[in-house]
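The values are calculated or read from the model by the stated rules, or taken from the named source; none is laboratory data. Everything numeric here is computed off the predicted structure, so don't read it as measured data. With ideal geometry, Cβ positions are generated from the backbone for all residues, glycine too; neighbour counts draw on all protein chains shown.
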């Protein structure tokens, strides 16, 4: 596929921005990625990615997309030390008070640290011809035509305070939850997009540990979900360099502490003792680091009737999910793949087509995240009959999946965004759930 003449600018050098730059490199001679952070020369935390200190998992569907965009990437990350395992056989799923039956289903999943994965992706992107990252620059705003019908570039401010303009034939905002596109639209005379917001009051606290290599047995990850009765969750993930990362989380203000002594006490209060038992004799490699996520937020650009040409939005800048479900990077990858498909279509991409296609990508993971959160009575939001029915059904499915590997496999494939949630309601699976409950 030959490159088209033109210049593209991507706002933000996190995973969503890097994946966008990779896609645009196929269609534009020059791709410039702008970010306020300094870029680590290799693997390292960035100030603009506070979630990088917490457990990450690249969902099965996300790994497929990344290997399509960067052939051999997941093998490269594994060679760099990132653990991998089977989506069901390699994870200890503790759901709704049940231990899900484990069996290998032939679906690998990756558990890299965020700095490792992002560092490897960034290196791949920087090796592409025509791509550059402009670091340590704040984004001042968009430039546009006199009638504001089309965006023409981006104004940025360097460390010396000088403001310059980067001209562009396409600008993609991948700047994350703090995106200023709604403000810029208003300044240009457009409406802000409607916003769906569900407040969840989630808090995280994570701490690295040195544990015995066999601390998790044959598992690579322990994943304990929260329930309305126990609004606390936890994850323990094997990491590169023989480290283990422990993330504790709480819903609706029940936040885990960052005090080292209280961190262990919070873990002792989880409904299963797996996490506490693993870390109580471990060697901490640092103090706990906190992070808060107030709400699921979805900006409904697809519902606007007017929008400037040559401007698109991607990643958390368009939709941010409760991070406990690990969907963010995978959804960003799917959005980037959607952008690639539209650009490859042989006709000019329009904002209407793009936002409609991306909305279709977001619908399923948004429904999974918000529907699950609405199981908590303290979460404010509209509970449709479907949401109420699914939230009554899932604990029963989890109970049956404790002994039924077929149901267990069906559920984790949905969480990995490999299959659609409707498949869990197939008549044969409903029957298996009913039979499993009767047996229990």
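If a residue has to be part of a strand (DSSP E or B) and either touching a residue at least 60 places away in the same chain (Cβ under 8 Å) or surrounded by fewer than 24 Cβ atoms within 10 Å (Cβ to Cβ) (or both) to count, how many in segment 313-335 make the cut?
Qualifying residue count for the region: 2.
Look at residue 110 and say whether it is in contact with a helix residue (DSSP H, G or I) (Cβ under 8 Å, 6 or more places away or on another chain) and within 30 Å of residue 400 (Cα to Cα).
yes
Looking at segment 393-403, is at least one residue within 19 Å of residue 185 (Cβ to Cβ) and either in contact with a helix residue (DSSP H, G or I) (Cβ under 8 Å, 6 or more places away or on another chain) or free of Cβ contacts under 8 Å to residues at least 24 places away in the same chain (or both)?
Taking every residue of segment 393-403 in turn, none turns out to be within 19 Å of residue 185 (Cβ to Cβ) and either in contact with a helix residue (DSSP H, G or I) (Cβ under 8 Å, 6 or more places away or on another chain) or free of Cβ contacts under 8 Å to residues at least 24 places away in the same chain (or both).
Scan segment 404-428 for residues that are under 26 Å from residue 362 (Cβ atoms) and free of Cβ contacts under 8 Å to residues at least 24 places away in the same chain and jot them down.
If the condition is that a residue be under 26 Å from residue 362 (Cβ atoms) and free of Cβ contacts under 8 Å to residues at least 24 places away in the same chain, then 410, 419, 422, 423, 426 are the ones that fit.
Checking the structure you have, find out if any residue of segment 319-340 is modelled with pLDDT of 95 or more, in contact with a strand residue (DSSP E or B) (Cβ under 6 Å, 6 or more places away or on another chain) and assigned by TED's automatic domain parsing to the domain that holds residue 359.
Checked segment 319-340: at least one residue is modelled with pLDDT of 95 or more, in contact with a strand residue (DSSP E or B) (Cβ under 6 Å, 6 or more places away or on another chain) and assigned by TED's automatic domain parsing to the domain that holds residue 359.
When you scan segment 188-201, how many residues do you find that are more than 13 Å from residue 374 (Cα to Cα) and in a strand (DSSP E or B)?
2
How many residues does segment 1-26 contain that are at pLDDT below 95 and within 20 Å of residue 346 (Cα to Cα)?
Within segment 1-26, residues that are at pLDDT below 95 and within 20 Å of residue 346 (Cα to Cα) number 6.
Okay, residues lined up against (1) farther than 30 Å from residue 359 by Cβ; (2) surrounded by fewer than 22 Cβ atoms within 10 Å (Cβ to Cβ); (3) touching a helix residue (DSSP H, G or I) at 6+ places or on another chain (Cβ under 8 Å); (4) at pLDDT below 95:
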position: 188; (1), (2), (3), (4): no, yes, no, no
position: 193; (1), (2), (3), (4): no, yes, yes, no
position: 202; (1), (2), (3), (4): no, no, yes, yes
position: 213; (1), (2), (3), (4): yes, yes, yes, yes
position: 216; (1), (2), (3), (4): yes, no, yes, yes
position: 230; (1), (2), (3), (4): yes, yes, no, yes
position: 238; (1), (2), (3), (4): yes, no, no, yes
position: 242; (1), (2), (3), (4): yes, yes, no, yes
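Can you list the helices (runs of 4 or more DSSP H) found entirely within segment 343-440 that contain at least 1 residues being closer than 30 Å to residue 169 by Cβ?
Output list reads 351-373.
Can you find a residue that is part of a loop (DSSP other than H, G, I, E, B), touching a strand residue (DSSP E or B) at 6+ places or on another chain (Cβ under 8 Å) and more than 26 Å from residue 58 (Cα to Cα) anywhere in segment 227-248?
No: zero hits.
Please go through segment 146-159 and give me each residue that is more than 13 Å from residue 307 (Cα to Cα) and at pLDDT 95 or above, ordered by number.
Residues satisfying the conditions are 146, 152, 153, 154, 155, 156, 157.
Out of curiosity, is residue 341 surrounded by fewer than 19 Cβ atoms within 10 Å (Cβ to Cβ) and either on the phi < 0 side of the Ramachandran plot or within 11 Å of the chain's Cα centre (by Cα) (or both)?
Judged against the criteria, residue 341 is a match.
Tell me, please, whether a residue that is buried (at least 22 other Cβ atoms within 10 Å of the Cβ) and over 25 Å from residue 33 (Cα atoms) can be found in segment 162-174.
Checked against the condition, which is being buried (at least 22 other Cβ atoms within 10 Å of the Cβ) and over 25 Å from residue 33 (Cα atoms), segment 162-174 yields no hits at all.
Modelled with pLDDT of 95 or more and either assigned by TED's automatic domain parsing to the domain that holds residue 343 or in contact with a helix residue (DSSP H, G or I) (Cβ under 6 Å, 6 or more places away or on another chain) (or both): is that true of residue 34 in this structure?
For residue 34, the condition - modelled with pLDDT of 95 or more and either assigned by TED's automatic domain parsing to the domain that holds residue 343 or in contact with a helix residue (DSSP H, G or I) (Cβ under 6 Å, 6 or more places away or on another chain) (or both) - is met.
When you scan segment 285-302, do you find a residue that is touching a helix residue (DSSP H, G or I) at 6+ places or on another chain (Cβ under 8 Å), without any contact (Cβ under 8 Å) to a residue 40 or more places away in the chain and surrounded by 15 or more Cβ atoms within 10 Å (Cβ to Cβ), even just one?
No, every residue in segment 285-302 fails to be touching a helix residue (DSSP H, G or I) at 6+ places or on another chain (Cβ under 8 Å), without any contact (Cβ under 8 Å) to a residue 40 or more places away in the chain and surrounded by 15 or more Cβ atoms within 10 Å (Cβ to Cβ).
Given the conditions (1) touching a helix residue (DSSP H, G or I) at 6+ places or on another chain (Cβ under 9 Å); (2) without any contact (Cβ under 8 Å) to a residue 12 or more places away in the chain, which single one is not true for residue 309?
Single failed check for residue 309: (2).
So which residues in segment 244-273 are loosely packed, with under 13 Cβ neighbours inside 10 Å and at positive phi?
253
Would you check which residues across segment 153-175 are at negative phi and without any contact (Cβ under 8 Å) to a residue 60 or more places away in the chain and list them?
Within segment 153-175, 155, 157, 158, 159, 160, 162, 163, 164, 165 meet the criteria.
When you look at residue 55, is it crowded, with 18+ Cβ neighbours inside 10 Å, out of contact with any helix residue (DSSP H, G or I) (no Cβ under 7 Å at 6 or more places or on another chain) and closer than 23 Å to residue 136 by Cβ, yes or no?
In short, no.
Residues of segment 99-149 being out of contact with any strand residue (DSSP E or B) (no Cβ under 7 Å at 6 or more places or on another chain), buried (at least 20 other Cβ atoms within 10 Å of the Cβ) and over 21 Å from residue 333 (Cβ atoms), which ones?
Answer for segment 99-149, where residues must be out of contact with any strand residue (DSSP E or B) (no Cβ under 7 Å at 6 or more places or on another chain), buried (at least 20 other Cβ atoms within 10 Å of the Cβ) and over 21 Å from residue 333 (Cβ atoms): there is none.
Can you confirm whether residue 359 is under 30 Å from residue 25 (Cα atoms), touching a helix residue (DSSP H, G or I) at 6+ places or on another chain (Cβ under 6 Å) and either modelled with pLDDT of 95 or more or outside the structural domain of residue 15 (by TED's automatic domain parsing) (or both)?
Yes, satisfied.
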